[in-house]
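Student: After the structure tokens below, expect a handful of questions from me.
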Amino acid sequence: MKLGRILNKKLNTAIADMGHGDMLVICDAGFPIPSEAQRIDLAIEQDLPTIERLMELILSDFCYERVIISSEMKDYNRPLYDFVVKTCTRCSVEGIPYDEFMATVPHKAKYIVRSGAFNPYGNIAFISAIDAPKWWNKPGLTVPDVYKDRV
């Protein structure tokens, strides 16, 4: 049997399928997921699972280089904002206006993971990265400036 934490087949497949620069979104229960999107619906009931729990689980097995939220999260859902900033230590968290987030992110996402969260502005986009130390550890390679802080 599988030894990792994630047991959901679709979620495992999504993480394995991500390439450098692809977008994965963890969203709240009310997020309008486009019909053409690859949807992983994990919602069971109100606040089950939570966004926070899904983030902890997914980020235990997912390498990211950017995190994008709606800027309104900081003002209107401070507990979630603080959790995202505290949890996402690989990079800074970028905020964009809610209208822009909703107009662009759902259509750019390779996968959208729906939580059961009833959590205002509870949508987080992660841009996948390479695990720089593993890519730049061979003898004779010169690490480009863009990756030096990650290696």
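Student: For region 1-89, what's the relative contact order in percent, using C-alpha pairs closer than 8 Å and at least 6 residues apart?
Tutor: This gives 27 percent for region 1-89.
Student: Could you compute how much accessible surface Lys138 exposes when probed at 1.4 Å, giving the result in Å² to the nearest 10?
Tutor: 120
Student: In the full protein assembly as shown, how much of Asp99 is accessible to a 1.4 Å probe, in Å² to the nearest 10?
Tutor: Answer for Asp99: close to 120 Å² accessible.
Student: Choose one of Pro120, Leu141, Ile58: the residue whose Cα lies farthest towards the positive end of the charge dipole of the chain (beta-carbon charges +1 Lys, Arg; -1 Asp, Glu; about the Cα centre).
Tutor: Comparing the listed Cα positions along the dipole, Leu141 ranks first.
Student: Hey, any idea what % of the chain's accessible area is carbon plus sulfur with a 1.4 Å probe?
Tutor: 52
Student: For Lys2 and Asp131, calculate 0.36 nm times their separation in residues minus their Cα-Cα distance, and state this gained length in nm to one decimal.
Tutor: 44.2 nm
Student: Only four residue types carry charge here, +1 at the Cβ of Lys and Arg and -1 at the Cβ of Asp and Glu. Report the dipole size of the chain about the Cα centre in Debye, rounded to the nearest 20.
Tutor: The dipole magnitude comes to about 640 debye.
Student: Could you tell me the ratio Rg/Rh of region 45-119? Both radii from Cα atoms, Rh via Kirkwood.
Tutor: Values: Rg = 12.3 Å, Rh = 13.2 Å.
Rg divided by Rh gives 0.93.
Student: Just to check, using Stokes-Einstein with a Kirkwood Rh over alpha carbon pairs, what's the diffusion coefficient of region 29-75 at 37 °C and 0.692 mPa s in µm²/s?
Tutor: Taking Rh from Cα pairs, D becomes 253 µm²/s.
Student: Okay, next question. Accessible area per residue for the chain in Å², computed with a 1.4 Å probe and the full protein assembly in place, what is it?
Tutor: 57
Student: Once you keep just the Cα pairs under 8 angstrom separated by 6 or more residues, what percentage relative contact order results for the chain? Display every interim value, and only then the final one.
Tutor: Working: 244 pairs, mean separation 61.1, N = 151.
Computed over the chain, the figure is 40 percent.
Student: Would you list the P(r) distribution for the chain, with all Cα-Cα distances sorted into 5 Å bins from 0 and each bin expressed as a whole %?
Tutor: 2, 9, 18, 22, 21, 13, 8, 5, 2, 1, 0
The values are calculated or read from the model by the stated rules, or taken from the named source; none is laboratory data. All values derive from a computational prediction rather than experimental measurement. In this analysis, Cβ positions are derived from the backbone assuming ideal geometry, glycine residues included, and neighbour counts consider all displayed protein chains. Only protein heavy atoms, including side chains, enter the accessible area calculation; ligands, DNA and RNA are left aside. Shrake-Rupley method; radii C 1.70, N 1.55, O 1.52, S 1.80 Å.
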